[in-house]
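Here is the structure we will look at, set down as structure tokens.
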Amino acid sequence: MAHRFPLDIVTPFGNVFSEPVEHLRVPGVDGTLGILAGHTPLLTTLKVGLVEVRQFGETRTLAVSGGFIEVMPYQTTILAEAAEFAEDIDVLRASAAKQRAEERLRRHEANLDEARALAALARAMNRIRIAEHLHRELLVRKAPVKPLREDAKEQLP
């Protein structure tokens with residue numbers, strides 16, 4: 001059995017996740033970080049990206065919109081601007097946000113806060129990418145296994 005450690009994922013709107021996990025992968029500003037039980041303590045900034053939480057042999061993905069991660073000997077905490085499990089992402093809403101951000105950037109008005117518009121675009125694209133990743137994963141799991149050769153059918157249970 002894999003060693004587990006407590007993980008809390010918190011946003012300004014509340015607690016998103018609070019359970020023991022076996023493995024955690026986060027998008028640090030200097031690259032992707034993998035966290036296991038007993039990891040060296042650290043505090044770093046997270047960028048917009050994908051968080052993977054492995055629990056009981058299953059991996060779940062979340063979209064995060066930046067924040068911080070604190071790894072301590074007996075507790076790991078992610079403080080995120082926003083965090084949403086892939087299965088909870090409203091793709092239509094994310095697509096609408098992407099279109100709004102692209103339109104703002106296209107108009108390029110004098111009072112445009114370009115950094116804010118680019119950040120909104122990155123968040124929307126991240127949410128869409130993660131939802132599509134989950135959708136593809138589910139399709140692969142449901143796909144029937146096909147033999148490599150026609151004569152291999154008899155070998156399959």
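Coordinate-derived values only; no laboratory data. Owing to the predicted nature of the structure, the values given are computational and were not obtained by experimental measurement. All Cβ positions, glycine included, derive from the backbone under ideal geometry; neighbour counts span all protein chains shown.
Remarks
- Extended-chain gain in nm, criterion 0.36 nm per residue less alpha-carbon gap, Arg93 and Ser18: 24.4 nm
- Based on Cα contacts under 8 Å between residues 6+ apart, segment 1-113 shows a relative contact order of 23 percent.
- Cα gyration tensor shape for the chain, rounded if a/c is under 1.5, else prolate or oblate: oblate
- A cut-off of 5 Å between modelled amide H atoms, ignoring neighbours fewer than 5 places along the same chain, links Phe17 with Ile9.
- Cα shape, segment 72-125, gyration tensor, a/c 1.5 rule: oblate
- Each residue of segment 107-122 was assigned a 3J(HN,Hα) from its phi angle through the Karplus curve 6.51 cos²θ - 1.76 cosθ + 1.60 (θ = phi - 60°); the sequence is 5, 6, 6, 4, 8, 5, 8, 4, 4, 5, 5, 5, 5, 5, 5, 4 Hz, with glycine and proline shown as x.
- Working note: Karplus 6.51/-1.76/1.60 with θ = phi - 60° gives segment 34-46 the couplings x, 10, 10, 4, x, 4, 4, x, 7, 9, 8, 8, 9 Hz, where Gly and Pro are set to x.
- Using C-alpha pairs under 8 Å with a sequence gap of at least 6, the mean separation divided by the residue count of segment 64-112 gives a relative contact order of 25 percent.
- Projected label points at Leu36 and Arg136, each 7 Å from Cα along the beta carbon direction, are separated by 2.7 nanometres.
- Only helices enter the 222 nm calculation for the chain: every DSSP H run of n ≥ 4 contributes -39,500 (n - 2.57), and dividing by all residues gives -10500 deg cm²/dmol, rounded to 500.
- The Cα center of segment 79-126 and the Cα center of segment 1-60 differ in position by 24 Å.
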